[in-house]
Amino acid sequence: MTPATQLAVSLAAGLADEKKSAAVTDWAARLGWLIGLALFVALVYWLMREGWKWRGTLQSDLPELPEVPENPGPAKLTMSGRYHGSTTAGQWLDRIVAHGLGSRSRAELTLTDAGLAVERPGATDFLIPVDALRGARLDKGIAGKVLTEGGLLVVTWAHGEKLIDSGFRSDHAAEHTTWVETLNQMTSHTEGAR
């Protein structure tokens, strides 16, 4: 055997000796990590829920919402869309959760001489009386929902001693401008009557 052949044979033998089986998965450690992660996620969700309940407790001084009357009168405008929530007026991140105002849902809006009826399947329906309306505008966001500029109809209204901004988005965004104009005309008439 030549020295080159001997070197090749010894390298092959050395490589054969170093071959080992693949590492066996440590299922106990992996399962421990998965259980720990699941507990951490559960803790985060529990803390979020407790924070939501605490916010509701802090806002418990807010009076009950007016109910939608059986016969509110003829509709001036109607809109199908989404209710995105309510905040303290002028503070778009200060969400109001008391009395179900923090629950997002589908919504049917009906504007009459009695006010703005908000009917929400699976959530509390309420009426914003015409004398409580303070104005409307187009905006781009409200607590937890940001859209394009002018993509959100925001109605400002008084409830108890608090001014509230409620955000709605129509299924047909072109309707928003008509709603803003009509609501602002109604509020200017009611302010003149006061």
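FYI, it's all coordinate maths here, none of it is from the lab. A quick note: this is a predicted structure, and the numbers were derived from the prediction, not measured. Using ideal geometry, Cβ is built from the backbone for each residue, glycine included, and neighbour counts are taken over all protein chains shown.
Angle between the Cα long axis of helix 3-18 and the longest principal axis of the chain, 0 to 90 degrees, nearest 10?
Between the helix axis and the principal axis of the chain, the angle is about 50 degrees.
Pick out, from 116, 143, 185, the residue whose Cα sits farthest towards the positive end of the charge dipole of the chain, with +1 on the Cβ of Lys and Arg and -1 on the Cβ of Asp and Glu.
143
With the dipole of region 55-194 worked out from charges on the C-beta (+1 for Lys and Arg, -1 for Asp and Glu) around the Cα centre, which of 133, 63, 173 lies farthest toward the positive end?
Looking along the dipole axis, the top candidate is 173.
If one computes P(r) from the Cα atoms of the chain, what percent of pairs lie at distances over 19 Å?
Tail of the P(r) past 19 Å holds 68 percent of the pairs.
What whole-number distance in Å separates the alpha-carbon centres of region 82-102 and region 106-149?
Result: 11 Å between the Cα centres.
Compute the acute angle (0 to 90°) between the alpha-carbon long axis of helix 27-58 and the principal axis of greatest extent of the alpha-carbon atoms of the chain; round to the nearest 10°.
10 degrees
Once you keep just the Cα pairs under 8 angstrom separated by 6 or more residues, what percentage relative contact order results for region 85-164? Intermediate values should be presented prior to the final figure.
Working: 140 pairs, mean separation 20.8, N = 80.
Relative contact order, region 85-164: 26 percent.
With +1 on each Lys and Arg Cβ and -1 on each Asp and Glu Cβ, how big is the dipole of the chain about its Cα centre, in debye rounded to the nearest 20?
For the chain, the charge dipole is close to 660 debye.
What's the lysine pair count for the chain at a Cα cut-off below 30 Å, pairs eight or more apart or interchain? Can you show the working numbers first?
Working: 53/140; 53/145; 53/162; 76/140; 76/145; 76/162; 140/162; 145/162.
Lysine pairs, 8 or more places apart or on different chains, close enough: 8.
So what is the relative contact order for the chain, in percent, with contacts set as C-alpha pairs under 8 Å and at least six apart?
Relative contact order, the chain: 18 percent.
Tell me the label-point distance for the pair residue 177, residue 125, using the 7 Å Cα-to-Cβ offset, in nm and rounded to one decimal.
In this crude label model, residue 177 to residue 125 measures out at 3.2 nm.
How far is helix 175-193 tilted, in degrees, relative to the longest principal axis of the Cα atoms in the chain, given as a value from 0 to 90 rounded to the nearest 10?
40 degrees
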